1. State all residues of segment A:91-127 that are closer than 30 Å to A:Tyr283 by Cβ and of a type in the set (A, V, I, L, M, F, W, C); if no residue qualifies, say none.
2. How about segment A:408-455: which of its residues are open to solvent by 60 Å² or more (accessible area, probe 1.4 Å), in contact with a helix residue (DSSP H, G or I) (Cβ under 8 Å, 6 or more places away or on another chain), over 25 Å from A:His354 (Cβ atoms) and of a type outside the set (A, V, I, L, M, F, W, C)?
3. Does segment B:108-133 hold any residues that are open to solvent by 30 Å² or more (accessible area, probe 1.4 Å) and assigned to a helix (DSSP H, G or I), and which are they?
4. At least 3 residues that are touching a residue at least 12 places away in the same chain (Cβ under 8 Å), open to solvent by less than 40 Å² (accessible area, probe 1.4 Å) and touching a helix residue (DSSP H, G or I) at 6+ places or on another chain (Cβ under 6 Å) in each: list the helices (runs of 4 or more DSSP H) lying fully within segment A:195-310 that qualify.
5. Please verify whether segment B:100-115 includes one or more residues that are in contact (Cβ under 8 Å) with a residue 60 or more places away in the chain and in contact with a strand residue (DSSP E or B) (Cβ under 9 Å, 6 or more places away or on another chain).
6. What is the number of the single condition among (1) loosely packed, with under 15 Cβ neighbours inside 10 Å; (2) touching a residue at least 24 places away in the same chain (Cβ under 8 Å); (3) closer than 29 Å to A:Asp85 by Cα that A:Leu382 does not meet?
7. Find all pairs meeting these conditions: Cβ atoms under 7 angstrom apart; at least six residues apart or on different chains; first residue within segment A:30-46 and more than 8 Å from chain B (Cβ to nearest Cβ) and part of a helix (DSSP H, G or I); second residue of a type in the set (S, T, N, Q) and buried (at least 21 other Cβ atoms within 10 Å of the Cβ).
Amino acid sequence: MITRTQARVAERRRRASRRQWGADGIVACVWFAAAVGVALNVAAGGLLVSNGTDVVREAGRLVGIVTAVLMMSQVLLASRAPWIDRVIGHDRAIARHATLGKYAILLMFSHVGLIVTATSRELSQGMVQAFLGLSSGNLWMAAVEIAAGLFALVLVTSLFGAFRDWHYETWHTINRVVYVAIAFAVPHQFLDGETFRRGGLAWLFWFTFYAVAFGSFVAFRMVRPLVLTANHRARVASVATEADGSTTVVIRGRGLRGLGAKPGQFLLWRFYTTRLFWQKHPYSLSSAPHGDQVRITVKPSGHGSRAVAHVRPGTAVTFEGPLGIFTHDARTRSGIVLIAAGIGVTPIRALLEHVVPGEPCVVVLRARSLDEAPLLDEVRALARDRSAELKVLVGPRGDTWGTADEPASVASLVRDPSDVDVFVCGPLAWAKQVEADALASGVAPEAIHRERFGW
Amino acid sequence: MRAQRVVIVAGGCAAILGTGWLVAPRDLPTVTTTGGGAGAGAATFDGPAIQNPRGVFQVEIVVKGGKVTEVRPLQAGTGDAESRFINSEALPALQKRILDAQTWDVQYVSGASFTSPGIVESAKGAFKKAGLG
């Protein structure tokens with residue numbers, strides 16, 4: 001006989017497998033797109049080279065094609081499109097975006113380098129002269145020179161900025177320059193390349209490709225926030241200071257329940273006060289949404305989070321999201337272990353709210369002291385109500401992710417680590433420690449869910 | 001990604017690339033770039049060599065009785081596939097346009113964004129040299 005738990009686990013596994021298919025499908029599509037781009041060049045006779053200069057030029061073109069595919073995947077990953085968030089998770093998408101971005105920029109410079117080398121050989125010119133000459137009589141190639149300049153600027157400022165403690169907003173502005181650079185770089189492929197003169201297939205392929213990437217970006221990063229703002233007219237309903245000093249903000253908006261925000265998800269918030277207007281912050285919901293009300297809890301730590309304490313009720317709020325797959329939907333096993341440190345408790349507290357009473361559930365909170373544990377009373381009450389086991393670890397750091405006096409390991413928390421999902425939210429180094437311990441304890445890799453705060 | 005799926009994706013990519021290779025042309029069109037003598041009573045005038053990222057472009061014109069009778073490309077860009085495909089269509093088109101209109105100031109061939117200005121610029125010099133404006 002199949003018990004209800006078994007049926008629930010089977011459904012979870014089916015869902016996880018579907019999501020994996022989706023995630024793999026997106027990766028596969030990127031590879032296929034790159035292959036089609038290269039194949040179209042080959043089909044147009046690209047490989048028929050007659051001398052060394054031709055070889056360099058053709059190599060430059062192929063690198064350019066792969067760069068275009070990679071750059072557009074970058075735009076897609078950062079587009080906050082729901083179909084990406086749902087299968088990869090916004091945080092992971094942004095993490096991948098950051099990693100791939102470096103390769104994309106390196107490839108882009110290789111493309112420019114190879115093409116300029118070929119041109120300088122062809123015309124017996126110096127590299128600088130050959131680069132500047134690219135634009136002779138061609139407006140779109142002039143745009144490319146500007147794009148290359150912008151990319152160089154981004155590269156230099158990023159290397160320079162790595163040594164400085166810059167605001168997130170400063171990074172964000174630099175990041176935006178990349179989008180401008182991409183906008184300058186794209187047209188030359190259509191207007192300079194012969195690819196589009198011969199045969200409609202190449203044109204159709206690249207047009208579709210760009211339309212999907214830019215379309216998602218415009219739709220989900222530009223239009224959707226405006227629609228959300230107009231629809232919900234969200235405002236701060238109340239602001240309260242918690243016992244540990246963090247701030248809980250309740251936001252109410254017309255039809256907010258229709259957002260379908262799930263416990264564990266986060267949104268990007270913008271408060272319309274003079275200090276906070278220019279910033280957008282990712283804050284997790286600190287409780288499951290109730291009706292048209294959602295709630296966040298913010299610890300005063302950064303430039304913006306301190307100012308949140310001074311927000312007045314009635315302040316207008318706009319947001320993007322909800323984002324993330326740090327939710328019950330991501331579960332694959334029957335039991336659940338919720339582990340949080342510090343303000344990382346917010347999504348954990350929300351997740352706990354939707355734990356079915358009686359379901360095997362262990363909650364671990366880690367804090368320096370009891371006074372510094374946010375939402376502790378709420379978690380206690382919820383844990384009692386859901387008959388979840390609660391462990392509060394307070395004290396200085398030790399060798400494990402527990403405290404010096406009380407070492408912690410997932411292996412000692414549950415009877416069968418292979419039958420639980422572990423949700424972790426807290427400072428990066430600590431969360432990675434928990435993740436490593438969970439893996440070593442026998443938790444399946446796909447059952448470990450770590451929230452990496454992304455933008 | 002599971003190993004099985006990696007193999008499928010790799011295989012798919014290989015198939016796509018293979019298809020591209022199969023339908024690719026096996027050789028390139030030839031672009032003739034030769035000068036020649038002018039017939040009796042005719043004179044040739046070389047335009048300047050114009051450089052742009054797609055190579056060097058130069059034409060000479062043959063003038064007979066105040067009329068341009070031939071436009072010959074002496075150099076027509078790089079030898080790579082893209083240039084040659086473009087030039088095999090663009091050069092005859094530009095030659096015809098110049099001859100028909102009897103002026104270097106003709107409309108560019110669309111898609112030949114380097115060949116057109118190269119040829120037209122050089123033709124302009126040749127026309128000037130021939131005293132045809």
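The values are calculated or read from the model by the stated rules, or taken from the named source; none is laboratory data. This structure is a prediction, so every number in the text was calculated from the model and none was measured. Virtual Cβ from ideal backbone geometry, glycine too; neighbours counted across all protein chains shown. Calculation scope for accessible area: heavy atoms of the full protein, side chains included, ligands and nucleic acids excluded. Shrake-Rupley method; radii C 1.70, N 1.55, O 1.52, S 1.80 Å.
1. Within segment A:91-127, A:Ala93, A:Ile94, A:Ala95, A:Ala98, A:Leu100, A:Ala104 meet the criteria.
2. Listed by number, the list is empty, since nothing qualifies.
3. Once the filter is applied, which keeps residues that are open to solvent by 30 Å² or more (accessible area, probe 1.4 Å) and assigned to a helix (DSSP H, G or I), segment B:108-133 yields B:Glu121, B:Lys124, B:Lys128, B:Lys129.
4. Hits in segment A:195-310: A:200-217.
5. There is at least one residue in segment B:100-115 that is in contact (Cβ under 8 Å) with a residue 60 or more places away in the chain and in contact with a strand residue (DSSP E or B) (Cβ under 9 Å, 6 or more places away or on another chain).
6. (1)
7. These pairs meet every condition: A:Val30/A:Ser73.
Quick grid of which residues meet (1) open to solvent by 30 Å² or more (accessible area, probe 1.4 Å); (2) closer than 27 Å to A:Ser135 by Cβ:
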site	(1), (2)
B:Val31	yes, yes
B:Gly37	yes, no
B:Leu74	yes, yes
B:Asp80	no, yes
